[in-house]
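Reading through the structure tokens given below for one structure.
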Amino acid sequence: MHLGGEMLLEVENLKVQFKTDDGLVRAVDGVSFAVAPGETLGIVGESGSGKSVTNLAVMGLVPQPPGRVVDGKARFHGDDLLRMGRRQLAAIRGHRIAMIFQDPMTSLNPFLTVAQQMTEVTRLHLRHSHREALRHAIEMLDRVGIPSPDHRVFDYPHQLSGGMRQRVMIAMALACKPEVLIADEPTTALDVTIQAQILELMKKLQQEEGTAVILITHDLGVIAGTCRRVVVMYAGRFVEEAPCEELFRRPQHPYTLGLLQSIPRLDEAAGTALTPIEGQPPDLIHLPPGCAFRPRCRFAVEQCARRRPPLEGEAGHRKACFVDVV
């Protein structure tokens, strides 16, 4: 957990399950984290590890059925979001807590212009008139670097490039100056130039507004250049948590080490071979006994098959592992 300072959002022992024809999927299985004002927390892991579901649950956006939040708390200014009524949560969502969704093409309504979608947010939460809302939408599009915002605001999503659609999503998320911004793979499918611009933009707006950011990604390069703290997620659980620099310098969980060894690094000699993580992520319906990562782990010992390791450690660096990999 984060050390020191007042926490803005605190999630404790969150568990989310999905009932399917094949069995019960434990998508999120007891995760806890906190984020402070102005802080950027990174959540990293392979696809299907539970990163997005964790934050959709916090936002009250897990489809029910088949999904269900079976346990946990998510305190925002001391109030539990998971126990709020629909109307109370709707007043917070999009206003005080906002989310940039993973795919802007599917998240934006193709039948409505950018203006119609952006003004709806501020008219609802900030009580803007139509004229005020339109002026604010144009200002936000200009802040996120969209050229000719007074014309682009009347475009439909299909008339915009992928990078511009992503900027629209960021503008919509920041329109009400949220206290917490959840960014779910905000640079997916963007070329590296646009990716760098988007990340720099988010950092700049965060500094100006003091927003707390939860950045969900599978890209460790994005994590390295953006986050202060990182949690690594595998099979619905957190397996390591550390300050960003510490995690890259001295990873303590075999999964984290595997992720780092499977990507190219500029500080290594040319021709250095990458070491991929063998095997596939586990079936969340039929998890192996003990540590979920054990079937893919080259450091596994007999104890790993008998019980699941707790997430523990000292000085802000915790791991869920029985062995020392460094």
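The values are calculated or read from the model by the stated rules, or taken from the named source; none is laboratory data. Keep in mind the model is a prediction, meaning the values are calculated, not measured. For neighbour counting, all protein chains shown are included, and Cβ atoms are generated from backbone atoms with ideal geometry for every residue, glycine included. Ligands, DNA and RNA are stripped out before the accessible areas are found, and what is left, the full protein with its side chains, is counted by its heavy atoms. Shrake-Rupley method; radii C 1.70, N 1.55, O 1.52, S 1.80 Å.
Summary table
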{"quantity": "Region 112-220: relative contact order as a whole-number percent, Cα under 8 Å and 6+ apart", "calculated": "26"}
{"quantity": "For region 39-95: accessible area per residue (Å², 1.4 Å)", "calculated": "47"}
{"quantity": "Other-chain or far-sequence residues with amide H under 5 Å of residue 40's (modelled H)", "calculated": "213, 228, 229"}
{"quantity": "Charge dipole magnitude, Cβ of K and R +1, D and E -1 - region 178-269, Cα centre, debye nearest 20", "calculated": "240"}
{"quantity": "For the chain, built as a Gaussian network whose Cα springs stay under 10 Å, the top-fluctuating residue of 264, 157, 309", "calculated": "264"}
{"quantity": "Charge dipole magnitude, Cβ of K and R +1, D and E -1 - region 14-153, Cα centre, debye nearest 20", "calculated": "500"}
{"quantity": "Relative contact order [Cα under 8 Å, 6+ residues apart], the chain, whole percent", "calculated": "20"}
{"quantity": "Assigned charges on the beta-carbon of Lys, Arg, Asp, Glu; region 188-237 dipole about Cα centre (debye)", "calculated": "280"}
{"quantity": "√(5λ) per eigenvalue of the Cα gyration tensor, region 259-326, largest first, Å", "calculated": "26, 17, 11"}
{"quantity": "Karplus-derived 3J(HN,Hα), 6.51/-1.76/1.60, for each residue of region 303-316, Hz, glycine and proline x", "calculated": "4, 4, 7, 8, 8, 7, x, x, 8, 8, x, 9, 6, x"}
{"quantity": "Charge-dipole axis of the chain as Lys and Arg at +1 and Asp and Glu at -1 on Cβ define it, positive-most pick from 243, 9, 102", "calculated": "9"}
{"quantity": "Of 19/177; 19/319; 51/203; 15/319; 73/204; 203/319, pairs whose Cα-Cα distance is over 25 Å", "calculated": "19/177; 19/319; 73/204; 203/319"}
{"quantity": "Residues residue 273 and residue 71, FRET efficiency given R0 of 35 Å [Cβ-Cβ distance, rounded to 0.05]", "calculated": "0.20"}
{"quantity": "Volume per residue that the Cα convex hull of region 226-278 spans, once the total is divided by residue count, Å³", "calculated": "88"}
{"quantity": "Gaussian network model of the chain, Cα within-10 Å springs - most flexible of 208, 185, 200", "calculated": "208"}
{"quantity": "Relative contact order (percent, whole number), region 198-326, Cα cutoff 8 Å, 6+ residue spacing", "calculated": "23"}
{"quantity": "With eigenvalues of the C-alpha gyration tensor scaled by 5 and rooted, region 158-279, Å", "calculated": "28, 18, 13"}
{"quantity": "Length released on extending from residue 91 to residue 301, taking residue separation times 0.36 nm less the Cα-Cα span", "calculated": "70.6 nm"}
{"quantity": "Region 166-225 and region 26-82: distance between their alpha carbon centers, rounded to Å", "calculated": "18"}
{"quantity": "MRE, 222 nm, helices only [DSSP H, n ≥ 4, -39500 (n - 2.57), over the chain, to nearest 500]", "calculated": "-9000 deg cm²/dmol"}
{"quantity": "Karplus 3J(HN,Hα) series, Hz, for region 11-21 with 6.51 cos²θ - 1.76 cosθ + 1.60 (x for Gly, Pro)", "calculated": "10, 10, 6, 6, 10, 10, 10, 10, 8, 10, 5"}
{"quantity": "Among 241, 139, 179, residue whose mean-square fluctuation peaks in a GNM of the chain (springs only between Cα atoms under 10 Å)", "calculated": "139"}
{"quantity": "Residues with amide H under 5 Å from that of residue 283, placed H, sequence gap 5 or more", "calculated": "none"}
{"quantity": "Longest site-free stretch - the chain; sites: trypsin sites (Lys or Arg not before Pro), DSSP loop, at most 16 other Cβ within 10 Å", "calculated": "128-227"}
{"quantity": "Estimated inter-spin distance, residue 126 and residue 148, nm [label 7 Å along Cα→Cβ]", "calculated": "2.5"}
{"quantity": "Additional length obtainable on full extension of the chain from residue 64 to residue 248, 0.36 nm per residue less Cα span", "calculated": "62.5 nm"}
{"quantity": "Length released on extending from residue 280 to residue 191, taking residue separation times 0.36 nm less the Cα-Cα span", "calculated": "29.3 nm"}
{"quantity": "Accessible area (Å², per residue) of region 206-254, counting only protein heavy atoms and a probe of 1.4 Å", "calculated": "34"}
{"quantity": "Carbon + sulfur, % of accessible area of the chain - ligands and nucleic acids excluded, 1.4 Å", "calculated": "50"}
